[in-house]
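Here the structure is laid out as structure tokens; the discussion comes afterwards.
The values are calculated or read from the model by the stated rules, or taken from the named source; none is laboratory data. Just so you know, these numbers come straight off a predicted model, no measurement behind them. Cβ: placed from backbone, ideal geometry, glycine included. Neighbour counts: every protein chain shown.
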Amino acid sequence: MTRKVIALLVGLFGLALLGALAYFGWNLIRTGSIFGGPEEGPAAPAEPAGPFVTISAGPVLDYFPTQDGIVVLKENGEVSLAENGGEEVLSPASSDVPFAASISFDKQYLLVGFGTKDFPQFSIYDIGKKIWQPLRGGSAEGAEPVGAAVWAPQGLRVAYLKKAGEQWSLELLDFAAPKQPKGAATSTPADPLSNPSVKKLVTLALLDAKLDWIVPEKLYLTSTPSAFDRGFLMEYDLQKNTVRSLLSDEAGLSLRWREDGGLGAKFSLRGQTPTFVGIDGSGKTLGSLPFITLPEKCAFSDTLLYCGVPTLLPQGTQLPDDYHQKAFPVRDAILKASLDQGTFVTLANAGAGALDATHLAVSGNDLLFVNEYDKKLYRMAR
């Protein structure tokens, strides 16, 4: 065989090899498989079995029971009203993604944080008028970004944390109409949110904090829950204008309060051991609870605590981080615990379905929750 023939065969073989590599490489990029067919992902988890009724098909970020129905904020920014087995869209989906929400004491206004926690923007939605407007005062011209904001439990007031250099400024927006001079005619503004007063409360040296307003005259600031951080709980007294530490140096600290602030549930780590306890309004431990879960998976009704409780925690699970990072499959049971008696009963479990209950709330005789697997809003008798 001549050298020319050998060279020609080598060249043809090389071209064929390049063609094959190109074909299989393209299929790998296009389908994730060198064999050309699309790879099948894991099967969608089955809906939870049990006494659960779907209220909203979701995907639900948060919700708020009202006299007219349940106001639902979805992950795509849509606001809807669920009632009598139906769902009415109040505000369509948005290009901005929400990450947090609260509702005013009169159930008329939603306060929604859009974007990300690092680059947030807060807006108010008027449920009756079906209109949005930016949070004024906190987002004034040239102002530093607002990191957290929440409605007051009484009155039209919003507390928020605003960046102040390397620190955070705790401030207050008051939408109440200013007091008129004696004898002056009173008038009701067309827009109750049009002209809020702004009050700076205190500047705090914090890296990050969550803001809760449970009791009318007290604001709570808590650390972001993590097993790798020393958590804290601080209280700002609006009447005394004072700050005090209620809890500190507690790894994994996470809290959930009863509506009146008189009772709470606390998760934290003692060494590497998770603890779940009841606390009073000052953060003092009242006693251990007979199971382990995270407070964000619970809701109070008087001295009863309803929780979604993982039925199995794999060895080495690091709460709360592994839960937030979805590092293990969660299969919840719904439990009801009596804090004054120290007992609990199982109300339901998911059967063969998948249940990760969050955003629990008590509404009349019902217990409401969002299932993290399918993002639907459910109710069940409690």
Residue count, segment 370-382 (criterion: within 13 Å of Asp62 (Cβ to Cβ) and in contact with a Phe, Trp or Tyr (Cβ under 6 Å, 6 or more places away or on another chain)): 1
Qualifying residue in segment 232-249 (condition: over 22 Å from Trp213 (Cβ atoms), in contact with a Leu (Cβ under 9 Å, 6 or more places away or on another chain) and surrounded by fewer than 19 Cβ atoms within 10 Å (Cβ to Cβ)): no
All strands (runs of 3 or more DSSP E) inside segment 201-277 with 1 or more residues being within 17 Å of the chain's Cα centre (by Cα) and not charged (D, E, K, R): 210-215, 218-222, 254-257, 263-270
Test: Gly283 is in a loop (DSSP other than H, G, I, E, B), outside the structural domain of Asp229 (by TED's automatic domain parsing) and among the small types (Gly, Ala, Ser): yes
Some residue of segment 337-346 being closer than 22 Å to Val53 by Cα, in a strand (DSSP E or B) and in contact with a helix residue (DSSP H, G or I) (Cβ under 9 Å, 6 or more places away or on another chain): no
Considering residues of segment 75-100 that are part of a loop (DSSP other than H, G, I, E, B) and of a type in the set (D, E, K, R) only, the residue surrounded by the most Cβ atoms within 10 Å (Cβ to Cβ): Glu78
Boolean, Ser194 is at pLDDT below 80, polar (S, T, N, Q), in a loop (DSSP other than H, G, I, E, B) and surrounded by 14 or more Cβ atoms within 10 Å (Cβ to Cβ): no
Hits in segment 58-74 - residues which are within 11 Å of Glu88 (Cβ to Cβ) and assigned to a loop (DSSP other than H, G, I, E, B): Asp68
Qualifying residue in segment 320-338 (condition: within 19 Å of Lys376 (Cβ to Cβ) and among the hydroxyl-bearing types (Ser, Thr, Tyr)): no
Yes/no for Lys326 being farther than 28 Å from Phe228 by Cα, surrounded by fewer than 21 Cβ atoms within 10 Å (Cβ to Cβ) and not hydrophobic (A, V, I, L, M, F, W, C): no
Unique match (being β-branched (Val, Ile, Thr), surrounded by 15 or more Cβ atoms within 10 Å (Cβ to Cβ) and closer than 21 Å to Gln121 by Cα) among Ile70, Ile55, Ile103: Ile103
